[in-house]
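Presented below is the structure to which this report refers.
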Amino acid sequence: LVGGFFLQLFFVSLGATTNLKALLTSNALLDLLAFIAVILLTQASFLWVFASRLLRIGLPDVLLASNAAVGGSGTAGGMAGTLDWRDKVTPAVMCGTLGYMIGTAAGLAVSW
């Protein structure tokens with residue numbers, strides 16, 4: 001309960017720093033939203049076809065893995081908690097944390 005409160009406080013602090021006037025008057029906003037939509041739809045369709053259909057993984061697990069890959073452990077845990085998948089909160093957070101670990105190791109390997 002306390003962790004969820006602080007997670008929501010974190011999300012509010014991220015949103016509060018947004019300059020809405022600059023965001024809404026920017027010409028690049030539609031390009032950015034289209035790019036994000038293409039990336040997310042590509043990932044979601046791949047996960048749905050490959051993981052959910054071919055590997056027969058349940059849809060909640062696929063959705064949480066996708067969320068952990070895009071948003072990290074905080075958003076995946078928040079999604080699992082919000083959708084009352086209490087038994088999936090810890091695996092979702094661990095999946096996001098594992099992604100951070102692999103991404104950090106890969107970034108360090110590429111930089112050297």
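The values are calculated or read from the model by the stated rules, or taken from the named source; none is laboratory data. The structure presented is a predicted model; accordingly, all values stated were derived computationally and were not measured. Note that we place each Cβ from the backbone using ideal geometry, even for glycine, and neighbour counts take in every protein chain shown.
Observations on the model:
- Sub-9 Å Cβ pairs linking a first residue in segment 98-112 that is among the hydrophobic types (A, V, I, L, M, F, W, C) to a second residue that is surrounded by 10 or more Cβ atoms within 10 Å (Cβ to Cβ), at least 6 apart or interchain, are L98/A68; L98/S73, ordered by first then second residue.
Listed here are the residues, each with its yes/no results for (1) surrounded by fewer than 10 Cβ atoms within 10 Å (Cβ to Cβ); (2) of a type in the set (G, A, S).
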| site | (1), (2) |
| --- | --- |
| F5 | yes, no |
| F11 | no, no |
| N19 | yes, no |
| A28 | yes, yes |
| F35 | no, no |
| I39 | no, no |
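- Among the residues of segment 62-88, the one identified as of a type in the set (V, I, T) and more than 18 Å from F10 (Cα to Cα) is V62.
- Test: L40 is among the aliphatic types (A, V, I, L, M) and either farther than 26 Å from D84 by Cβ or touching a Pro at 6+ places or on another chain (Cβ under 6 Å) (or both): no
- Residues of segment 50-95 that turn out to be within 24 Å of I36 (Cβ to Cβ) and among the acidic types (D, E), as a count: 1
- Residue within segment 69-89 that is surrounded by 15 or more Cβ atoms within 10 Å (Cβ to Cβ), in a helix (DSSP H, G or I) and in contact with an Asp or Glu (Cβ under 8 Å, 6 or more places away or on another chain) present: yes
- Any hit, segment 92-100, residues being hydroxyl-bearing (S, T, Y), assigned to a helix (DSSP H, G or I) and at pLDDT 85 or above: yes
- Counted residues, segment 45-68 - those being assigned to a helix (DSSP H, G or I), surrounded by fewer than 14 Cβ atoms within 10 Å (Cβ to Cβ) and not small (G, A, S): 6
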